[in-house]
Amino acid sequence: MKAMEAPARQTLAVLRSPIVTLRAAGVRYGPLQALQGIDLTLYRGDRLALVGANGSGKTTLLRLLHGLHDPAPLQGERLAHALSPEGRPCRAAMLYQRPFLLNLSVRWNLLVGLWLQGVPAAERAERCQRALERVGLASLARRRARELSGGQQQRLALARAWALAPDILFLDEPTASLDPGAKREVEALIGEFADDGVTVVMSTHNLGQAKRLASRVVYLEAGRLLADLPVDRFFRGAELPEQARQFLKGELPWTT
């Protein structure tokens, strides 16, 4: 029994190793305090959903965790942790509600992304093909990307991100503009990537989506982090502050 416990503890330690830590972090844009006093650690293997009203700071927090903010508006600390004893930094990819696609074929949208990331030429074609097969777009490789449906475009954006072998996938309202069928397809792919070990951080207004995909939920209001709980405890609601309970019950107009 003891011989089996040590590897299990080691595996758990790897899975719960920190990737990004925020300490008293804030972001200010001129007179606007977009985030303030944020204490948050993102761990390897997390499926983290950021929820809250419009203007609560979800996208700003997503960008802060990603490291996209310049030092000037940043307050407090952002610490990025290495993912290996050799000090390899984590690889991250970000997906937006409306993905930016080049006016090129589906295939070339992936190949250009791989080239920009320095992937050797000998690997690009194989990675591209595997990624398109993964999201069900291999048969559309020669079609212009901007001619795809909204759901297909988002799947292409996911393929482009997955082809880079990211450790973290940041998603900003990834299904907000999609019809129900396309939303289910994209959610299924996100869930598969998470099952493969990719850490997922997602902002969403869709509480059902957070419940389906997240293992942990952060609630933001007016730039402050008011709750950070495992998904089951968040949706039970007993530990939430009043504002978050109101949001959870759907009594605020922006929860639709």
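None of the figures in this text is laboratory data; all of them are computed from the coordinates on show. Since this is a predicted model, take the numbers as computed values, not measurements. So basically every Cβ, Gly included, is an ideal-geometry build from the backbone, and we count neighbours across all protein chains shown.
Of note:
- DSSP finds beta bridges in the chain, and of those with both partners inside it, around 55 percent are antiparallel.
- Sites Ala121 and Arg236, calculated FRET efficiency, Cβ-Cβ separation with R0 51 Å, nearest 0.05: 0.45
- Spin-label model distance (nm) - Leu104 vs Ala176, 7 Å beyond Cα toward Cβ: 2.8 nm
- Remark: the Arg23-Ser215 segment gains 66.9 nm on full extension, using 0.36 nm per residue and subtracting the alpha carbon distance.
- Ranking of Tyr96, Tyr219, Tyr29 by count of other Cβ atoms within 10 Å, fewest first: Tyr29, Tyr96, Tyr219
- Longest to shortest principal axis, alpha-carbon extents of the stretch 97-165, angstrom: 30, 20, 19
- Given +1 at the Cβ of Lys and Arg, -1 at the Cβ of Asp and Glu and no other charges, the dipole of the stretch 31-170 around its Cα centre is 660 debye to the nearest 20.
- Over all orientations, the chain has a Cα convex hull whose mean projected area works out to 16.6 square nanometres.
- Packing here is the average count of other Cβ atoms within 10 Å per residue, and on that basis the peptides 138-144, 109-115, highest first, run 109-115, 138-144.
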